[in-house]
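Only one structure is covered here, and it is reproduced in the block below.
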Amino acid sequence: MCGIVGYVGKKNAENTLLEGLKRLEYRGYDSSGIAIVKNGKITSKKAVGKIINLENLLSGKNLDARIGISHTRWATHGKPTEENAHPHLSCDGNLAVVHNGIIENYQTLREELKKKGHKFLSQTDSEVLAHLIEEFYEKKDLKHAVCEALKLVEGTYGITAIANDNSDEIIAARKGSPLVLGIGDNENFIASDVAAILGYTKQVVYLNDGEIARVTKDNFEITDLDDRKIDCEISKIDWTLEESQRGGHDHFMLKEIMEQPRVIVDSTRGRLLPEEGTVRLGGLEDVEAKLRKIERIIIIACGTARYAGLIGEYMMEEYAEISVEVEFASEFRYRKPILDEKTAVLAVSQSGETADTLAAIREAKRKGALTLGIVNVVGSTIARETDAGVYNHAGPEIAVASTKAFTSQLVVLTLMAVLLGRQRKMSEVTGRRIIEEIETLPKKIEKILKSADKIKKLAKKYADYPNFMYLGRKYCFPLAEEGALKLKEISYIHSEGFAAGEMKHGSIALIDENFPVFAIAPKDSVYEKNISNIEEILARKGKIIILTTEGNKEAEKIADDVIYIPKTLEMLTPILGVVPLQLFAYYIASYKGLDVDKPRNLAKSVTVE
Ligand code: AGP
């Protein structure tokens, strides 16, 4: 998954492109490059590593162009090298292309192009596009050449292309990888997501799959690949540039952890109807009648989003009495899922671009299921391809490790459980009780955040252990898995989440004084069961951190360390319980001096399968 930025207008193109790439670096950062057009000539510069390396390469070059394209890469085909970095040029150097996606038939196309004399400089699938477009460029109509080339491509793409003798236009096209146009004053932008163009314009147009745009500094037109004009809608993005910056914190991740009280408010704004003991979810109103008939929900997601889905499963079974299954999106599409008109398939996805989740939704649609989405990025592909859905309104989540999106997903899942429950047997009193408790969550999270320094000290104490086990039951079992994922993905410490009751069936063999355990044991319906698991661990000299409810003094007698969270409903405990786990992982990774926002091997949104 890569980041693309294109610019045409009155400013210095390379400076604008570099600034945009820096804001997309979380999308992938093993190499980057730019290509500009000036005086009928294309100049391209590329560098391995982070974008600062490209910036250093360009400093002093003063390319002084007004049009260009650029790319930051997360390798899928070919190692991170300068040759494999984008842009890729045609043989004659008169065309440049950047690409995000996977060309599945690139080997065949490469062989055919080689037979026609094309010379390839990289091992990437993307370079095929530059030579394929060159094949169709004899009439010097760049858009036509791109259209004809893309008709031969199987797979996914978000691309931008420029040519030396079309020096006032950029061609952009998408199929499966996001692209957004930023509409400025006598300047226009193209980017993989809005973070790259925030601060220049708030007017954007999202390209849809199969669409291609010709963009100049004062105009843009969108058609399909057969040049049929497509009307488009200009959206106004409500994220300020500030929101996509760090807000004074050392890392985006810490900023986003600290934002969670506000995120709960934003995720519920205008949606709570306490006087009726129910909620209003505008994005589901068109399918409300269908939701009444639903007897089964399949939740599909990946990573953290899937752990949110697992908690949603408990909620909807307990409060809406609907049968729920949670599936790995990457597995769902290769099974033979039994879907019918009484089944809804719910995708949970922060980015709305995760390839596995998108593919699973498309499979569900092909089988006629009602498809729903819980998505954070407005206008993202999953949001637009599901029949209906609910936006998180959590604001841009820049850090690769998902935090505020997770708590927002849990809130929206709670709202959906109330909506579905109140369509069924949930009483007004129960609905109101849940809503009233949701309204207390921002203050309760703020209280937890005030103990961040205590968690920071705890993190330092445990930072050097090579392994960690997280345990939880019922609503807190998926929370244990999420806590483990947070730690492993940013600190690279081996950590696993287990169902507490499952531990004695094998995993307890791992326990010794070098394998600490984070036991999530709030005072809830399964507290006593958790305590007996903790006793088993202590008997084997295991070190224990207990996360429990305020006032539970018993915990201090048995644990090495205790973290308290305020009391709340059992179903809402994970929204509070995850905050200390996020901070614990964050401080350990920071203490170890790791790149918290851009951990090795990971990308923010995995738009490849
Ligand atoms: C979580 O911290 C990871 N970044 C990853 O597991 C992520 O949750 C997963 O890739 C799903 O992404 P999505 O929510 O954008 O679909």
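The values are calculated or read from the model by the stated rules, or taken from the named source; none is laboratory data. Being a predicted model, the structure only gives us computed values, none of them experimental. Counting neighbours? That spans all protein chains shown, and the Cβs are built from the backbone with ideal geometry, glycine included. In case anyone asks, the SASA skips ligands and DNA or RNA and just uses the protein heavy atoms, side chains included. Shrake-Rupley method; radii C 1.70, N 1.55, O 1.52, S 1.80 Å.
Structure values in brief
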quantity: Near pairs, Cβ below 8 angstrom, 6+ apart or cross-chain, from segment 451-464 (in contact (Cβ under 8 Å) with a residue 60 or more places away in the chain) to any residue that is in a helix (DSSP H, G or I) and open to solvent by 100 Å² or more (accessible area, probe 1.4 Å); calculated: 459/591; 460/591; 463/591
quantity: Selection from segment 262-295 of residues that are touching a helix residue (DSSP H, G or I) at 6+ places or on another chain (Cβ under 6 Å), assigned to a helix (DSSP H, G or I) and either surrounded by fewer than 20 Cβ atoms within 10 Å (Cβ to Cβ) or among the aliphatic types (A, V, I, L, M) (or both); calculated: 263, 264, 265, 274, 292
quantity: Residue 115 vs. criteria surrounded by fewer than 21 Cβ atoms within 10 Å (Cβ to Cβ) and at pLDDT 95 or above; calculated: yes
quantity: Options 465, 527, 475; residue that is open to solvent by less than 60 Å² (accessible area, probe 1.4 Å), closer than 21 Å to residue 305 by Cβ and out of contact with any strand residue (DSSP E or B) (no Cβ under 7 Å at 6 or more places or on another chain); calculated: 475
quantity: Test result for residue 356, near the ligand (Cβ under 9 Å from one of its atoms), farther than 19 Å from residue 582 by Cα and in contact with a helix residue (DSSP H, G or I) (Cβ under 9 Å, 6 or more places away or on another chain); calculated: yes
quantity: Filter result (open to solvent by 10 Å² or more (accessible area, probe 1.4 Å), touching a residue at least 60 places away in the same chain (Cβ under 8 Å) and not in a helix (DSSP H, G or I)) within segment 567-596; calculated: 568, 569, 592, 594
quantity: Of all residues making up segment 357-409, the number that are assigned to a helix (DSSP H, G or I), under 20 Å from residue 101 (Cβ atoms) and not hydrophobic (A, V, I, L, M, F, W, C); calculated: 6
quantity: When residues of segment 377-419 are limited to those that are under 11 Å from the mean Cα position of the chain (by Cα), aliphatic (A, V, I, L, M) and within 11 Å of the ligand (Cβ to nearest atom), the one most open to solvent (accessible area, probe 1.4 Å); calculated: 377
quantity: Test result for residue 374, closer than 19 Å to residue 239 by Cβ and either within 13 Å of the ligand (Cβ to nearest atom) or open to solvent by 10 Å² or more (accessible area, probe 1.4 Å) (or both); calculated: yes
quantity: Which listed residue is modelled with pLDDT of 95 or more and under 21 Å from residue 189 (Cα atoms), from 58, 17; calculated: 17
quantity: Which listed residue is out of contact with any Leu (no Cβ under 8 Å at 6 or more places or on another chain), open to solvent by 10 Å² or more (accessible area, probe 1.4 Å) and at pLDDT 95 or above, from 504, 454, 444; calculated: 454
quantity: Residues located in segment 306-329, provided they are open to solvent by less than 10 Å² (accessible area, probe 1.4 Å) and under 14 Å from residue 413 (Cα atoms); calculated: 308, 309, 311, 312, 315, 316, 320, 322, 324
quantity: Residue 549, sole failed condition from (1) at pLDDT 95 or above; (2) on the phi > 0 side of the Ramachandran plot; (3) among the polar types (S, T, N, Q); calculated: (2)
quantity: Residue within segment 346-353 that is away from the ligand (no atom under 12 Å from the Cβ) and buried (at least 24 other Cβ atoms within 10 Å of the Cβ) present; calculated: yes
quantity: Search result, residues across segment 359-369 that are open to solvent by less than 20 Å² (accessible area, probe 1.4 Å) and within 16 Å of the ligand (Cβ to nearest atom); calculated: 359, 360, 361, 364
quantity: Selection from segment 314-345 of residues that are without any contact (Cβ under 8 Å) to a residue 40 or more places away in the chain and within 16 Å of the ligand (Cβ to nearest atom); calculated: 326, 327, 328, 329, 331, 332, 333
quantity: Spans of helices (runs of 4 or more DSSP H) in segment 22-138 with at least 1 residues within 19 Å of residue 157 (Cα to Cα); calculated: 106-115, 127-135
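Each row is one residue, and each column tells you yes or no for (1) out of contact with any helix residue (DSSP H, G or I) (no Cβ under 9 Å at 6 or more places or on another chain); (2) within 16 Å of the ligand (Cβ to nearest atom).
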{"site": "482", "(1), (2)": "no, yes"}
{"site": "493", "(1), (2)": "no, yes"}
{"site": "497", "(1), (2)": "no, yes"}
{"site": "509", "(1), (2)": "yes, no"}
{"site": "513", "(1), (2)": "yes, no"}
{"site": "517", "(1), (2)": "no, no"}
{"site": "524", "(1), (2)": "no, no"}
